[in-house]
1. In contact with a Gly (Cβ under 9 Å, 6 or more places away or on another chain), surrounded by 11 or more Cβ atoms within 10 Å (Cβ to Cβ) and without any contact (Cβ under 8 Å) to a residue 40 or more places away in the chain, is that true of residue 19?
2. All but one of (1) surrounded by 11 or more Cβ atoms within 10 Å (Cβ to Cβ); (2) in a helix (DSSP H, G or I) hold for residue 65; state the number of the condition that does not hold.
3. Say whether the condition of being without any contact (Cβ under 8 Å) to a residue 12 or more places away in the chain, of a type in the set (Phe, Trp, Tyr) and under 16 Å from residue 21 (Cβ atoms) is met by at least one residue in the stretch 71-83.
4. Counting just the residues of the stretch 1-21 that are assigned to a loop (DSSP other than H, G, I, E, B) and closer than 23 Å to residue 69 by Cβ, which one comes out farthest from the chain's Cα centre (by Cα)?
5. On the basis of being in contact (Cβ under 8 Å) with a residue 24 or more places away in the chain, outside any helix (DSSP H, G or I) and touching a strand residue (DSSP E or B) at 6+ places or on another chain (Cβ under 9 Å), does residue 39 make the cut?
6. Of the conditions (1) touching a residue at least 24 places away in the same chain (Cβ under 8 Å); (2) loosely packed, with under 12 Cβ neighbours inside 10 Å; (3) of a type in the set (D, E, K, R), residue 60 satisfies every one except a single condition; which number is it?
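No value in this document is a laboratory result; all are computed from the given coordinates. Given the structure is predicted, the values throughout are model-derived calculations rather than measurements. Cβ sites come from the backbone with ideal geometry, for glycine too, and all protein chains shown count toward neighbours.
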Amino acid sequence: MEMIGVCFVCPNVWLSPDQYMVNRLPGAHEYVRAVNNYFQDRACFGTAYPSRPHKHMVREYEELGFAPEVFEKVMSLNALRLMKMI
């Protein structure tokens with residue numbers, strides 16, 4: 001929750017909560033709400049590899065309830081833009 005607060009006051013901070021974006025962990029749905037409503041252009045997918053398998057994390061992200069247009073940004077477009085690849 002503290003990182004969501006930091007993002008509100010620091011426009012250069014991005015969210016990439018990786019292993020904390022698991023349905024059963026407290027705070028996961030608050031991250032999704034924050035990204036869907038405020039930070040859709042400042043959030044990136046993270047796997048937490050090797051502690052969490054890549055396929056498992058993709059499935060977790062798919063099930064969390066991101067808006068479809070936000071999901072595409074989080075899973076790829078934001079990272080490409082951040083690295084100046086698009």
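1. yes
2. With (1) surrounded by 11 or more Cβ atoms within 10 Å (Cβ to Cβ); (2) in a helix (DSSP H, G or I) applied to residue 65, the lone miss is (2).
3. Yes.
4. Here the answer is 11.
5. Here the answer is yes, as residue 39 does meet what is asked.
6. (2)
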